[in-house]
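The values are calculated or read from the model by the stated rules, or taken from the named source; none is laboratory data. Because the structure is a prediction, the values reported are computed rather than measured. Cβ coordinates were reconstructed from backbone atoms using ideal geometry, including for glycine residues, and neighbour counts include every protein chain displayed. To get the accessible areas, we keep the full protein, side chains included, count just its heavy atoms, and leave off ligands, DNA and RNA. Shrake-Rupley method; radii C 1.70, N 1.55, O 1.52, S 1.80 Å.
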Amino acid sequence: MGLLNKIFGNSTKEEEIMTTEKLNIGIILGSTRQGRVSPQVGEWIKGIADKRGDANYEIVDIADFSLPFLGTTDGTEPGIAAWNEKLANLDGFVFIVQEYNHSITGALKNALDFAREAWNNKAAGIVSYGSTGGARAAEHLRGIMGELMIADVRVHPTLSLFTDFENGTEFKPAELHLNNVNAMLDQVIAWSGALKTLR
């Protein structure tokens, strides 16, 4: 109906705002340990994303929220409310995922578990890294996202600790990843826009 109205010049102000308003996409850093490389990967993704101009992209660092371990406190810490508020204001996500013992980090799992509705009916892409490109961690994350009603997109850039990092600490991505990152972002934006109509 909105498209027909637009064609015939009958679009409402509300419909115009909805079609021109940019989506908000959070690039979530999935590690909190000292010496982590996820900020380097996140900034690289944000640099690519910002050049596209198709959404508002921001780095969301779970370390900034000082989340306790789920179930170990009374749940009144301000970081918990701030985390849920941040997620509620986002339309989609790109998870920066590192593989720890064939899975995601405990910190990321904890952060995922600290919200429910704020994740629902949103889309997400995954950028992973590890000795096998972080593929096993990404597959675990896909199962969790299904339960949280996050639609994960198909294109999945995988980064190797052996070829994309110097000495395991300095991120130097191969150029071949650029096409995959943009294809993933294409899907995240398309799905995030479509799912916004359900919320």
Given the conditions (1) modelled with pLDDT of 95 or more; (2) over 25 Å from residue 103 (Cβ atoms), report the number of the one that residue 10 does not fulfil. (1)
Options 139, 170, 99: the member that is more than 23 Å from residue 24 (Cβ to Cβ) and free of Cβ contacts under 8 Å to residues at least 12 places away in the same chain: 139
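Identify all residues within segment 16-58 that are touching a Lys or Arg at 6+ places or on another chain (Cβ under 6 Å) and β-branched (Val, Ile, Thr); write none if there are none. So that I can check it myself, show each step before the final result.
Restricting attention to segment 16-58, the residues satisfying the condition of being touching a Lys or Arg at 6+ places or on another chain (Cβ under 6 Å) are 27, 55-57.
Selection gives 27 alone.
Residues checked against (1) under 29 Å from residue 21 (Cα atoms); (2) of a type outside the set (A, V, I, L, M):
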{"residue": "66", "(1), (2)": "no, yes"}
{"residue": "101", "(1), (2)": "no, yes"}
{"residue": "140", "(1), (2)": "no, yes"}
{"residue": "148", "(1), (2)": "yes, no"}
{"residue": "161", "(1), (2)": "no, no"}
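What number of residues within segment 49-61 are assigned to a strand (DSSP E or B) and open to solvent by 40 Å² or more (accessible area, probe 1.4 Å)? Before you say what the answer is, go through the steps one by one.
Pass one, segment 49-61, residues assigned to a strand (DSSP E or B): 55-61.
Applying the additional criterion that residues be open to solvent by 40 Å² or more (accessible area, probe 1.4 Å) yields 56, 58-59.
Adding up the residues that qualify gives 3.
Quick check on my filter: what residues within segment 15-45 are charged (D, E, K, R) and either part of a loop (DSSP other than H, G, I, E, B) or modelled with pLDDT of 95 or more (or both)?
If we filter segment 15-45 for residues that are charged (D, E, K, R), which is where we start, we get 15-16, 21-22, 33, 36, 43.
Of everything in segment 15-45, those that are charged (D, E, K, R) and either part of a loop (DSSP other than H, G, I, E, B) or modelled with pLDDT of 95 or more (or both) turn out to be 21, 22, 33, 36, 43.
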Check 124, 107 and return the single one that is among the hydrophobic types (A, V, I, L, M, F, W, C), open to solvent by 20 Å² or more (accessible area, probe 1.4 Å) and under 18 Å from residue 26 (Cα atoms). 107
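Go through the residues of segment 143-157 one by one and say whether even a single one is open to solvent by 60 Å² or more (accessible area, probe 1.4 Å), in contact with a strand residue (DSSP E or B) (Cβ under 7 Å, 6 or more places away or on another chain) and at pLDDT 95 or above. If you could, list the steps in order and put the result at the bottom.
To start, the set of residues in segment 143-157 that are open to solvent by 60 Å² or more (accessible area, probe 1.4 Å) comprises 147, 149, 154.
Of the ones still in play, those that are also in contact with a strand residue (DSSP E or B) (Cβ under 7 Å, 6 or more places away or on another chain) are none.
For segment 143-157, residues open to solvent by 60 Å² or more (accessible area, probe 1.4 Å), in contact with a strand residue (DSSP E or B) (Cβ under 7 Å, 6 or more places away or on another chain) and at pLDDT 95 or above: absent.
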